Amino acid sequence: MDRNGSGGLASKRSLRKNAGLRTYDENVMDELIENQLGSSKRKRHKTKEEIEKETETEALIALSLGFPIDGLIDEEIKAGVVSEMGGKEQNDYIVVRNHILASWRKNVNVFLSKGQIRETVSHEHDKLISEAYDFLLFNGYINFGVSPSFMSTIMDEGMEKSVIIVGAGLAGLAAARQLLSFGFKVVVLEGRNRPGGRVYTEQIGQKGNFVAADLGGSVITGIHANPLGVLARQLAVPLHKIRDNCPLYNPDGSIVDKQIDTEIEVVFNKLLDKVTQIRQMQGFSKDVSLGSVLEKLRQLYGVAKSPSEKQLLDWHLANLEYANAGALSSLSAVYWDQDDPYEMSGDHCFLVGGNRRLIKALCEGVPVFYGKTVNTIRYGDEGVEVIAGDQSFQADMVLCTAPLGVLKKKAIKFEPELPQRKLAAIDRLGYGLLNKVAMVFPHVFWGEDLDTFGRLNECSHKRGEFFLFYSYHTVSGGALLIALVAGGAAKDLETTDPTTLLHRVLKVLRGIYKPKGIDVPNPIQTICTRWGGDPFSYGSYSHVRVQSSGVDYEVLAENVASRLFFAGEATSRKYPATMHGAFLSGLREASCILRASNAMPSCIKKLGLKNVGPSNELLTDLFQYPDLLCGKLLFIFDPRSDDPRSIGILRLSVGKSNSQPDYEDTNHDSSTLPLHLYAVLSREQANRLQSVSGGDSGRLLYLEKNLGLKLMGPSVLGKLENSLALSIAKARRRPKYRVVGGLSTSK
Ligand SMILES: Cc1cc2nc3c(=O)[nH]c(=O)nc-3n(C[C@H](O)[C@H](O)[C@H](O)COP(=O)(O)OP(=O)(O)OC[C@H]3O[C@@H](n4cnc5c(N)ncnc54)[C@H](O)[C@@H]3O)c2cc1C
């Protein structure tokens, strides 16, 4: 049975209808991602019709990223991107904005400059380009992530503001990178001795044969607009699509009858539909729980009465408790699914090697101080003071990304105390548990073609115990199986001896596989999580509890006095309880901090992207000694890194004879000087260009069509090119570096 799909079992919101607002053709995004991942499929030449369709396609891409086809998002309205709503200016803005979004998504590895956009959009729209570009850049819609170019690109040396970030989870790291790129001074204080927070990939198994086990956040739920998908592409880390097949087993180990399986799945979905209908017709009081309504409806309709049907329904309910990290008796019947319309579409995926690869990349270049448990945050007109043990840190602003569980426990003291409405929201929102038992086996005994299988429990109160198994053999480097423990069972696990747990889970597995004649070996190593007892999270993730609503997420996100800011999954109304929600909340707060900082009178210089390209002299100097030469294309790279992702500059000289290599002659009078065109690209892209046949024209075609890069005139070169050129020049001046004389050539 298909339980995964785009609304499937691996989803945070499993087994229910897809979000109603999704109206774009998902193939558009699939194709874009496939092209990005370097599909071998060569793109055909565009016909005239296809070109005409480009604007439409760009609109669809923007739609998939959450931008309406014919309107502005709230943030754009707030930012005042157009002077008049609804008119021609707005329409033109939307076209330009969509073009910028689509252009960057085509190649998320390279910083997209305003100059590049100016080259492709008529000059009459320069003002709109600026509005759209600055909005998208400073709100984290373009040029974000872990590509090495982003950090140094828009650094403004005049920015003197400093920010302390509490917590090096996804929210904290995303914010830190973004703020650094805006030119802020940033320090991250992390209580643990590792980064990642609730994203934690542990190396388990035997020496020489370790596997990567994601003990916290694991599934990238919906790849399309997902910023984590962007990071994976930037790092060239493959993703594994979680396959649909998910067999279910009865408590005695026999396979669940297909017909009953289908029938009960239909019943489950109808019950949820009924909840929605009643809600729309008469509403529920805020005190009513989803669990109580579902049970009343089940009794009313007399469904799932037999023990086997009840067990099967319980399995679906456990799945819902997993998605929400909360017992159904805690979830608000009115608002539990308030984030449904924003669910990310596309496949649900595991990241090969585990999510620590994202964390590792996000940490690069970010100053994180580990083992600094923050116990007090003071804030006021003069700035902030953050106390960790006997150390005090001062800055202009502080961003707190501590999990909701930590805030609920009041483990951090705020001085002055937080506003009452925020305290009340912290109290009301739900924060529950999901635990995992990770086991590395000597071999895969459950079948290579399975990513998931489920198991029914006899009693309702234990329905969440080992109800679902994830197989990570495709991505972890070994025979790793992770059993999920949700709902009430997740709480029980915290106080159960690990040996007892292992004994129980092996009994479940042997019950399923022994009758099939398959021997279940003892695992090489097992780990049981206890997220509830973890003093840096006190639970797994948030949900909308009875009495609460989606508004509470927004209240949690509110800053206090433009000095104290909040990010983290529980501050994300649209994407709570997810890794991408945490990441996006970090980007969101970085832009809030930037705005607040710009409004502060003492801020010496406002940020802005200026066209400050490298000087002609510098470029002439550098291209005298290219690192690679290929026809008329010359390349220079920073000699300190041979990482294929490291970026450099390409130069094409037009108006010269092929036989006279450009790098040899530098002293011409201007009438005979060639026109130089430039592009920024990675080493890996340069290597690909080198192997293209068809001479310069073949390579230029490949540059544009396959790599999605455009050549730029010197006047539109910006800060990225400048900082690249400067850093290459600096590296070449280092004594250890010698300009390589033997250039590799290809025609
Ligand atoms: C078991 C489990 C499974 C999950 N599965 C998925 C999934 O499949 N897909 C998905 O999208 N999401 C999943 N999630 C949710 C996802 O992992 C989180 O939403 C996300 O990682 C939260 O990131 P964050 O930055 O908001 O918080 P965190 O990652 O918790 O970061 C906060 C940081 O603050 C630090 N900190 C706390 N208190 C202090 C203090 N006093 N001083 C200094 N530092 C402090 C913490 O150590 C931590 O590093 C799962 C979570 C869990 C626990």
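Nothing in this text is a laboratory measurement; each read-out follows from the coordinates by a stated rule. Note that the coordinates shown come from a computational prediction; the quantities given were computed from them, not determined experimentally. So basically every Cβ, Gly included, is an ideal-geometry build from the backbone, and we count neighbours across all protein chains shown.
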Practice item. Could you tell me how many degrees, from 0 to 90 and to the nearest 10, lie between the Cα long axis of helix 54-64 and the main elongation axis, the longest principal axis, of the Cα atoms of the chain? Key: 40
Exercise for review: Report, to the nearest 10°, how far helix 579-599 tilts away from the longest principal axis of the Cα atoms in the chain, using its own Cα long axis and a range of 0 to 90°.
Suggested key: 50
Point to revise | Per-peptide average of other Cβ atoms within 10 Å, ordering 269-281, 503-515 highest first | key: 503-515, 269-281
Point to revise | Packing-based exposure ordering (other Cβ within 10 Å, fewest first) of Glu617, Glu343, Glu684, Glu119 | key: Glu617, Glu119, Glu684, Glu343
Check your understanding: Once the convex hull of the C-alpha atoms of the chain is built, how many Å³ does it hold per residue, rounded to a whole number?
Key -> 190
Review point. In what order do Cys400, Cys630 fall by count of nearby beta-carbon atoms within 10 Å, going from fewest to most?
Key: Cys630, Cys400
**Study point:** Against the rule of thumb 2.2 N^0.38 Å, how large the Cα Rg of region 444-592 comes out
**Key:** 1.33
Exercise for review: Rank by packing, highest mean first: peptides 347-353, 123-129, with packing defined as the count of other Cβ atoms within 10 Å averaged across residues.
Suggested key: 347-353, 123-129
Review point. Taking Cα pairs under 8 Å and at least six residues apart, what relative contact order does region 184-251 come out at, in percent?
Key: 17
Point to revise | Relative contact order, percent, the chain [alpha-carbon distance under 8 Å, six or more residues apart] | key: 16
Study note, to complete from the structure: Computed over the Cα atoms of region 47-143, the Rg and Dmax in Å are 12.6, 39
Point to revise | Least to most buried among Ile242, Ile223 (fewest other Cβ within 10 Å first) | key: Ile223, Ile242
Practice item. Only Cα pairs under 8 Å and at least 6 apart count here; give the relative contact order of region 47-143 as a rounded whole percent. Key: 29
Revision key, fill the gap. Its Cα gyration tensor gives region 497-575 an equivalent ellipsoid whose semi-axes in whole Å, largest first, are 43, 15, 11
Review point. Does anyone have the angle between helix 258-281 and the longest principal axis of the chain? Alpha-carbon axes, 0 to 90°, nearest 10?
Key: 80
